[in-house]
1. Taking H placed 1.01 Å from N in the peptide plane, check which residues at least 5 places from SER40 or on another chain put their amide H under 5 Å from its amide H.
2. Could you go through the stretch 48-63 in sequence order and give the Karplus-derived ³J(HN,Hα) for each residue, using 6.51 cos²θ - 1.76 cosθ + 1.60 with θ = phi - 60°, rounded to whole Hz, and x for Gly and Pro?
3. So how do ARG57, ARG31, ARG120 rank on accessible area, 1.4 Å probe, biggest first, that is with the largest at the start?
4. What accessible area, in Å² to the nearest ten, does a 1.4 Å probe give for SER37?
5. Please find the FRET efficiency linking THR105 to THR85, where r is the Cβ-Cβ separation and R0 is fixed at 25 Å, and quote it to the nearest 0.05.
6. Per residue of the stretch 67-72, in order, report the coupling 6.51 cos²θ - 1.76 cosθ + 1.60 (Karplus, θ = phi - 60°) as ³J(HN,Hα) in whole Hz, putting x for Gly and Pro.
7. Quick query: amide H of GLY47 versus all other amide H atoms, modeled in the peptide plane; which residues come in under 5 Å with a sequence gap of 5 or more or a different chain?
Amino acid sequence: MRRALPTLLLGLLAVLPGCAPAAQLAQPNERATLTRSGLSLVVTNPGPDALTGDPSRTGDGPALTVQGTGLVPDAQAAQWCEAVTSSRWACTLPGVPAGQRLRVTFTAGTLLDAAVFAYRPSLGARPVILWMLP
């Protein structure tokens, strides 16, 4: 199951990149963002609580899916991310506490799209979906 979820999420990432506005409309109170800064992706979590992984799986973290060409992760990103195909990466990030940011950096290549799928303890089993903002 751990391998199936990133594959499903990568499929959604490939099919639904135009849905970022709709995803935000479906989560009107969500203030967390996923932004791009050069070859880095920054998850910003203003709160109200942590962004975590699936609450039914102990130790799980937010899932980041990345699409790009020729991407090479830095040493930290290499601990969290693995190449699924030559143009897709699946990353399991550590939880992002309220009021914190998490940076995932690639040292080479072209970032095309990314999304984070996470949970908040206060929302229970309802996922939080963040699409990369321009």
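The values are calculated or read from the model by the stated rules, or taken from the named source; none is laboratory data. The structure presented is a predicted model; accordingly, all values stated were derived computationally and were not measured. Reconstructed Cβ throughout: ideal geometry from the backbone, glycine too, with neighbour counts over all protein chains shown. Surface accessibility is based on the protein's heavy atoms, side chains included, excluding ligands, DNA and RNA. Shrake-Rupley method; radii C 1.70, N 1.55, O 1.52, S 1.80 Å.
1. Hits under the 5 Å cutoff: PHE106.
2. Residue by residue, the stretch 48-63 yields x, 9, 5, 8, 10, x, 4, x, 7, 10, 4, x, 6, x, x, 9 Hz.
3. The residues order as ARG31, ARG57, ARG120, largest area first.
4. The accessible area comes out at roughly 60 Å².
5. Approximately 0.75, to the nearest 0.05.
6. Each residue of the stretch 67-72 in turn: 10, x, 10, x, 6, 10 Hz.
7. GLY99
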